[in-house]
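J.: So that we are looking at the same thing, I have put the structure below in structure tokens.
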Amino acid sequence: MAAGAVTEDYPQEIDEQLTTFDSSVNAVKTMLEKLMSMSRNDLMQKLDPLEQAKLDLMSVYTLNSLFWMYLVTKGINPREHGIKQELERIRTYMNRVKEITDKKKAARLDKGAASRFLRNALFDPDDKESKKAASKKPADAPSEAPQRKRPKQS
């Protein structure tokens, strides 16, 4: 509340709570003014689809939360109103977006890099020498498989 405001209109015990509430409302007002100062189409074009979904969810959740507070100020129990189900539905979508964001951030396995890493980590130079020696045969050495003679064609 403003400094020097008359506090005789309400009980002194709730003065601190009302001051906190007033500062919170002013913060929300400032944020909404910033958001409303930009064209929604311009803002949406600058964002990728996931960020657009986050912005839409944040906007609808904010509006529904403000309506919840409005109902409370009017003495209506919002838990018995349809707004509760709407907020739960929005939270479900917010959790879905969070899961997608977490999956994007999760490390991915590069199979090629992993196989090169393992191949090089398990590299044995002696084993490579024996494989090279086995693959190189002298040209005049007989092969182990018997050679077949071709029948002559007439």
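J.: Determine if segment 142-153 includes at least one residue that is in a helix (DSSP H, G or I), modelled with pLDDT under 80 and aliphatic (A, V, I, L, M). Spell out the reasoning first.
T.: Quick first cut of segment 142-153, residues in a helix (DSSP H, G or I) only: none.
Within segment 142-153, none of the residues are in a helix (DSSP H, G or I), modelled with pLDDT under 80 and aliphatic (A, V, I, L, M).
J.: Please determine, by comparing only the residues of segment 85-108 that are in a loop (DSSP other than H, G, I, E, B) and of a type in the set (A, V, I, L, M), which one is surrounded by the fewest Cβ atoms within 10 Å (Cβ to Cβ).
T.: A107
J.: Can you pull out every residue in segment 38-56 that is in a helix (DSSP H, G or I), open to solvent by 90 Å² or more (accessible area, probe 1.4 Å) and over 17 Å from V97 (Cβ atoms)?
T.: Of everything in segment 38-56, those that are in a helix (DSSP H, G or I), open to solvent by 90 Å² or more (accessible area, probe 1.4 Å) and over 17 Å from V97 (Cβ atoms) turn out to be R40, N41, Q45, K46.
J.: Return yes when S59 is out of contact with any helix residue (DSSP H, G or I) (no Cβ under 6 Å at 6 or more places or on another chain) and surrounded by 12 or more Cβ atoms within 10 Å (Cβ to Cβ) and no when it is not.
T.: Details: out of contact with any helix residue (DSSP H, G or I) (no Cβ under 6 Å at 6 or more places or on another chain): yes; surrounded by 12 or more Cβ atoms within 10 Å (Cβ to Cβ): yes.
So S59 passes the test.
J.: Next question. Need pairs with beta-carbon distance below 9 Å; first residue farther than 15 Å from I90 by Cα and within segment 40-67, second open to solvent by 70 Å² or more (accessible area, probe 1.4 Å) and β-branched (V, I, T); sequence gap 6+ or separate chains.
T.: L50/I100
The values are calculated or read from the model by the stated rules, or taken from the named source; none is laboratory data. What you see is a predicted model; the values in this text were computed from it and never measured. Methodologically, a virtual Cβ is constructed for each residue, glycine included, from the backbone with ideal geometry; neighbour enumeration extends over all protein chains shown. Remember, those area values only see protein heavy atoms, side chains included, never the ligands or the DNA or RNA. Shrake-Rupley method; radii C 1.70, N 1.55, O 1.52, S 1.80 Å.
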